[in-house]
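Nothing in this text is a laboratory measurement; each read-out follows from the coordinates by a stated rule. Worth saying up front: this structure is predicted, and the values here are computed from it rather than measured. Neighbour counts are summed over all protein chains in view; Cβ atoms, including those assigned to glycine, are modelled from backbone coordinates with ideal geometry.
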Amino acid sequence: MKVLGIRDIIGPIMIGPSSSHTAGALRIALMCRRLLAGEPRKATFTLYGSFAHTYQGHGTDKALVAGLLGMATDDLRIRESFDLAKKAGLEFSFVPAPNEPCEHP
């Protein structure tokens with residue numbers, strides 16, 4: 001059995017206002033990056049539920065792009081992820097779908 005550390009219990013060291021909408025979103029995008037066979041060049045993020053309503057205010061948009069760029073949850077460059085993505089040649093867009101059904105509210 002894995003021994004839990006303090007960060008496993010109280011959460012990640014992170015940039016952003018929200019552990020779920022910033023750090024959680026970044027980790028999801030980072031996992032997607034790791035599943036790819038190469039560098040991502042284009043991404044369309046369809047956002048459901050609370051992500052669709054708050055993605056700009058909570059930093060979800062910047063966190064998702066930062067995750068695709070390979071950043072960690074405590075990387076201060078998250079705030080600049082849009083500019084860094086453009087410099088890296090990563091095209092991205094966001095499609096809010098607040099009324100679409102989703103598994104998690």
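General observations
- Cα-based reach from residue 86 at 23 Å (exclusive), listing lysines while leaving out same-chain residues under 8 positions away: 42, 62
- Protection proxy ranking of 32-39, 70-77, 48-55 - average other beta-carbon atoms within 10 Å, highest first: 48-55, 70-77, 32-39
- Separation of segment 81-105 from segment 30-66 is 5 Å, based on Cα centroids.
- For the pair residue 2 and residue 97 in one chain, pulling the backbone fully straight at 0.36 nm per residue adds 30.4 nm over the alpha carbon distance.
- Where Rh is the Kirkwood radius over Cα pairs, Rg/Rh for segment 17-105: 0.95
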